[in-house]
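Notes for the one structure printed next.
The values are calculated or read from the model by the stated rules, or taken from the named source; none is laboratory data. Bear in mind that the values here come from a model prediction, so they are computed numbers and not experimental data. Just the protein is used for accessible areas: all its heavy atoms, side chains included, with ligands, DNA and RNA removed. Shrake-Rupley method; radii C 1.70, N 1.55, O 1.52, S 1.80 Å.
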Amino acid sequence: MNGQQSRRIGAAFVLLQGAVTALFPQVSSKFITRMIGTNFENASDLEAKPVYLQQLRAMGVGMVAAAGTDLLLQSITEGDERPTKADDSDG
């Protein structure tokens, strides 16, 4: 797998994660609570405040925007690197 494919797969993963976080912030909150629970006692008793869920949703929207922009720019760059018929006839 080359670097361009890795970037595309990484951006797609961030896009998917951002969409899940933006649409379902409770899922991300439960995941974070489970991760914290591995290091702390009584972490399952923690409850996410509505403001925290709004912040998670905003972070998810930002992830979607960043990953979407990256994928868009990669496709534009990829289109620029392809030789056109005019380029083929010059050489």
Counting only residues that are open to solvent by 90 Å² or more (accessible area, probe 1.4 Å) and not in a loop (DSSP other than H, G, I, E, B), which one in region 35-56 is nearest to L23 (Cα to Cα)?
-> Q54
Among the numbered conditions (1) over 15 Å from G68 (Cα atoms); (2) open to solvent by 100 Å² or more (accessible area, probe 1.4 Å), tell me where F13 comes up short.
-> (1)
